[in-house]
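Data first, discussion second: the structure below is written as structure tokens.
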Amino acid sequence: MRLFRTRGYEETTVDDIAAAAGVGRRTFFRYFPSKEDAISPDHEVGLARSRRCSPPPIPPSRRRCSSCERARTVFQLYADDPELSVERFRLTHEVAALRDRESARVDHYRRLFTRRLRERFAGEPDGDLRAAVTGAAVVAAHNLALRAWLASGGRPDQLDDCRARFRKVVDMLPGEPAREEPALQGVTERLEAAVARLERRA
């Protein structure tokens with residue numbers, strides 16, 4: 001990112017990056033297929049975290065929330081290093097090739113969420129349709145909240161507001177309003193609060 005900032009993205013070569021890192025060209029390509037992939041290497045980590053994320057058992061009326069839990073693991077990747085995340089965000093918006101690559105990465109998350117939701121909605125009326133619409137809605141809401149936070153400078157004091165904005169998507173998703181059994185009332189809210197506390201400690 002320092003080289004891109006001082007020399008410009010197009011003017012910076014793979015050899016420049018390798019030399020600045022103190023490694024050879026072959027070593028660079030062992031880690032990244034291309035210069036573009038070196039911009040946001042965390043995407044593979046984000047996808048892996050999302051695959052591993054297994055929300056606790058929830059009633060059918062709350063199944064639409066499972067992808068929200070996975071999306072929060074991705075949000076945390078950016079929150080771990082706000083300054084670097086903001087730089088990446090700005091560069092991605094300046095370079096057309098990076099914008100296209102970012103769009104393709106986002107679609108990977110949508111497909112992952114949709115696939116997991118399809119498993120959860122299996123056997124239910126219009127399960128495939130609900131999974132597709134819900135997966136797309138979660139990704140759209142996540143991107144809206146995340147980009148608003150990055151565009152404002154990635155300020156830590158605004159992070160909770162962005163997370164709260166993302167959580168609003170649950171109320172907008174298709175499906176019947178949640179009707180939890182008395183014994184389960186408040187469980188989801190407590191789980192969400194616990195996740196938020198763990199995220200802040202991370």
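Some points to look at:
- Extension gain for ASP126-ALA97 works out to 6.7 nm (0.36 nm per residue, less the C-alpha to C-alpha distance).
- Just the protein heavy atoms count here, and of the accessible area of the stretch 112-152 at 1.4 Å, carbon and sulfur take up 57 percent.
- Solvent-accessible area of LYS168 with every protein chain in place, 1.4 Å probe, in Å² to the nearest 10: 120
- Surface per residue (accessible, 1.4 Å probe) for the stretch 102-142, Å²: 50
The values are calculated or read from the model by the stated rules, or taken from the named source; none is laboratory data. This is a predicted model, so every value here is computed, not measured. Accessible surface areas use protein heavy atoms only, side chains included; no ligands, DNA or RNA. Shrake-Rupley method; radii C 1.70, N 1.55, O 1.52, S 1.80 Å.
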